[in-house]
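Note sheet for the following structure.
Derivation of every value follows stated rules applied to the coordinates shown; laboratory data play no part. Keep in mind that this is a model prediction, so the values were computed, not measured. Note that each Cβ is placed from the backbone with ideal geometry, even for glycine, and that neighbours are counted across all protein chains shown.
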Amino acid sequence: MTTLAAHGVSIDVPAGWEAELSTQPDPSTVDQTVDPLPSPLVVLHTANFSLPAERDDYGAGAVETMDRNGIFAALVEFGAASVGTMLFAAQGVPGRLAPEDFASDQLNVAVPGHAGLQHFFHVDARAFCLYVVIGSHSRRGVLVPEFNRVLSGLSIA
Amino acid sequence: MTVVVVLLAVAVGVLALIVFGLLRTHAEILRALDRAGIGLDEESEASSLPSPDQDRAGGSGPAGRDASDLAGTVPAGGPTKVAVTGVPHHTLLAFLSSGCRTCKPFWQAFAEPGVDLPGSGTRLVIVGQDPAHDSESALAELVPAGVKAVLSSAAWQDYDVPGSPYFALVDGVDGRVVGAGSALGWEQLRELLQEAVDDAALDRGTRGRARPPAGRSGRSRARRADDALRSAGVGPGHPSLYPGGSAPVHGNGADSSDRRVE
């Protein structure tokens with residue numbers, strides 16, 4: 001088990017899984033009229049397959065490569081202004097996800113057979129979206145519990 | 001006259017001692033460089049590097065040892081973990097540095113689209129040293145687009161990397177290093193690693209698992225060995241093949257494609 005931690009986000013990565021913690025570009029570096037971010041916004045990717053070097057925040061470039069047993073998850077942080085909005089009203093990292101909540105219309109990249117879930121929440125003054133894709137909707141009863149074990153190792157300070 | 005001859009003899013003796021001392025010092029320097037694994041030209045440099053052929057599975061080198069996953073940072077990025085064990089494919093770990101001259105051909109080879117990697121569904125991962133030991137910005141610039149890279153001095157220690165360039169091919173299913181070593185060029189390295197993969201497949205084949213690809217099987221390898229033996233004058237029934245006794249009564253005892261010499 002390897003633990004990755006940066007910017008208050010920590011995850012235990014089990015054997016056979018990969019993960020990468022990065023930060024989103026600060027818009028003020030390209031637009032002088034925008035105020036700099038008080039702290040970097042985090043993007044965490046984890047998957048039970050090889051993460052390609054190039055992919056976008058919500059996994060485009062990665063989810064297309066996974067097979068029916070694949071699981072991909074992205075934790076994307078939003079600006080502090082999102083905290084307190086209805087979308088991010090849920091509090092805390094979800095303890096477990098329900099297989100029945102996964103659906104094909106939740107996908108960012110539509111791939112036949114895939115199913116996804118988006119969960120928005122906040123932790124203190126930080127807002128997040130947890131986006132999970134599984135390689136087979138019909139195997140959600142197996143894949144989602146497997147991801148829940150990884151989710152139990154995710155913590156946000 | 002006698003005095004002149006004596007003086008000349010003494011001078012010659014002193015000069016001989018000086019030359020002897022210089023030669024000895026030179027030899028000691030060469031031995032010290034050799035012990036340090038440093039060659040004086042490209043050919044001796046190549047011969048000083050461990051090759052995958054020397055270190056393949058079953059040898060005394062790193063090949064055959066347990067592999068370990070990589071934990072480090074992405075060049076100009078954040079922390080990452082790369083899985084090389086418990087995965088259904090090979091991973092070629094390329095330990096490269098930003099400043100090493102002999103790494104340059106490999107940086108160029110890996111930038112080529114569709115580079116032909118040895119092994120099954122092989123994934124290329126470039127492993128650099130921590131930012132404290134190499135230039136992170138230079139490495140970020142050198143890593144070709146689309147190639148996974150991680151900076152991890154811990155990985156260099158885990159894989160006993162003697163210096164760059166160095167390569168380790170990991171079988172993700174077995175979780176073991178199939179071949180490891182270095183070379184001066186990509187084509188040479190690829191060929192040596194491919195042979196290491198074939199040997200590992202052959203080893204698995206003897207245990208009832210995967211077989212090596214056609215043309216690289218143990219039978220074709222045995223045929224090549226037989227040809228080499230014949231060209232050296234060692235044919236069927238040659239006494240050197242049976243140091244402990246006489247040749248077997250039946251069949252062609254020297255043909256290793258049909259029989260194994262005990």
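Compute the Cα gyration tensor for segment B:133-178, then decide on rounded, prolate or oblate, letting a ≥ b ≥ c be the square roots of its eigenvalues: rounded whenever a/c is under 1.5, prolate when a/b is larger than b/c in the other cases, and oblate in all that remain. Present the calculation step by step, with values, prior to reporting the outcome.
Working: a/c = 2.49, a/b = 1.50, b/c = 1.66.
It is oblate, given that a/c is not under 1.5 and a/b is not larger than b/c.
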Q) In degrees from 0 to 90, rounded to the nearest 10, what is the angle of the helix A:140-151 Cα long axis to the longest principal axis of chain A? A) 40
Q) Which value at 222 nm does chain A reach when only helices count, each DSSP H run of 4 or more adding -39,500 (n - 2.57), with the total divided by all residues and rounded to the nearest 500 deg cm²/dmol? A) -2500 deg cm²/dmol
Q) Dipole of segment A:62-157, Cα-centred, from +1 at each Lys and Arg C-beta and -1 at each Asp and Glu C-beta, to the nearest 20 debye? A) 180
Q: For segment A:111-128, just list the computed ³J(HN,Hα) in residue order, Karplus coefficients 6.51, -1.76 and 1.60, θ = phi - 60°, integers in Hz, with x standing in for Gly and Pro.
A: 10, x, x, 6, 9, x, 8, 10, 10, 9, 7, 9, 10, 6, 9, 10, 10, 9
**Q.** Sorted by Cβ neighbour density within 10 Å, fewest at the top, the residues A:71, B:126, A:134
**A.** A:71, B:126, A:134
Q) In nm, to one decimal, how far is the residue A:108 label point from the residue B:135 one, both placed 7 Å along Cα→Cβ? A) 3.4
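How big is the dipole moment of segment A:1-152 about its Cα centre under a simple scheme where the beta carbon of each Lys and Arg is +1, that of each Asp and Glu is -1, and everything else is neutral? Debye, nearest 20, please. Let's see the in-between values first.
Working: 7 positive and 17 negative charges, 105 e Å.
With Lys and Arg at +1 and Asp and Glu at -1, about 500 debye.
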Q: Could you tell me the largest-minus-smallest coordinate of the C-alpha atoms of segment A:8-121 on each of the three principal axes, in descending order and whole angstroms?
A: 45, 32, 28
**Q.** Averaged over B:69-78, number of beta-carbon atoms from partner chains that fall within 10 Å
**A.** 4
